[in-house]
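Everything below concerns the one structure shown next.
The values are calculated or read from the model by the stated rules, or taken from the named source; none is laboratory data. Quick caveat: nothing in here was measured; it's all calculated off a predicted structure. So basically every Cβ, Gly included, is an ideal-geometry build from the backbone, and we count neighbours across all protein chains shown.
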Amino acid sequence: MIPKSFLPFHLIFSRRYLSASEDIEKMRRGLRFIFKVIKQGPLRDHVDFEYKHKLLDTERDSATDEELEDIIRQRVETLYHPACTCRMAPEADHGVVDSHLRVYGVKGLRVADASVFPVIISGHTVRFNSLLQLLWLICIIIGRCMLCYWRACR
């Protein structure tokens, strides 16, 4: 995470995709496996091996490791909604946030999204993520109202 300014909502996240050599190697092995699978049995009958397109070239199995690395670096992106990356659990159990969504060891920082889920849910994480953020916003508003009321009554 790189601060763009001192305001907390101006952050640039660097996920460091493909920064380790084993990331590329695993992706390359996966591609080579897929190339073999599509030329086998029932799948072979559903693939048009004559069709040529830069994104769907069926002759990529003959590409060099360097060519595959270039393809991987050009095309890799996430298509999932990360969850459980800041697991809510006791710090002793490798948790990242406590039950009040406070990050262990970082004063004043809370996380309120699907990353705090202790285990992956069976439903779509975006729906639960939105609900969690809404609930957290309501808690902040209620907390501020209660603080103002408490100060006014003193």
Report task. Consider only pairs whose beta carbons are under 6 Å apart and that are at least six residues apart or on different chains; among these, list those whose first residue lies in region 58-73 and is charged (D, E, K, R) and whose second residue is surrounded by 14 or more Cβ atoms within 10 Å (Cβ to Cβ). Result -> Asp61/Phe35; Glu69/Ile24
Query - Complete set of residues in region 44-63 that are at pLDDT below 80 and hydrophobic (A, V, I, L, M, F, W, C) - result: Val47, Phe49, Leu55, Leu56
Query raised in the report: Of the residues that make up region 82-92, is at least one out of contact with any helix residue (DSSP H, G or I) (no Cβ under 8 Å at 6 or more places or on another chain) and modelled with pLDDT under 90?
Result: no
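Please specify each residue of region 93-127 satisfying the condition of being assigned to a loop (DSSP other than H, G, I, E, B) and charged (D, E, K, R). Break it down into steps so the answer makes sense when it comes.
Of the residues in region 93-127, the ones assigned to a loop (DSSP other than H, G, I, E, B) are 94-96, 98-101, 104-109, 111-113, 117-124.
The answer is Asp98, Lys107, Asp113.
If you check Leu147 against the conditions, is it modelled with pLDDT under 70 and more than 27 Å from Asp93 (Cα to Cα)?
Values: modelled with pLDDT under 70: yes; more than 27 Å from Asp93 (Cα to Cα): yes.
Criteria met by Leu147.
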Query raised in the report: Of the residues that make up region 7-29, is at least one at pLDDT 80 or above and in contact with a Leu (Cβ under 7 Å, 6 or more places away or on another chain)?
Result: yes
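Go through region 77-107 residue by residue and tally those that are of a type outside the set (Phe, Trp, Tyr) and surrounded by fewer than 13 Cβ atoms within 10 Å (Cβ to Cβ).
Total satisfying the criteria: 14.
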Requested in this report: Confirm whether Arg75 is charged (D, E, K, R) and over 30 Å from Cys139 (Cβ atoms).
Outcome: yes
Query raised in the report: Can you pull out the residues in region 78-97 that are of a type outside the set (Gly, Ala, Ser) and out of contact with any strand residue (DSSP E or B) (no Cβ under 7 Å at 6 or more places or on another chain)?
Result: Thr78, Leu79, Tyr80, His81, Pro82, Cys84, Thr85, Arg87, Pro90, Glu91, Asp93, His94
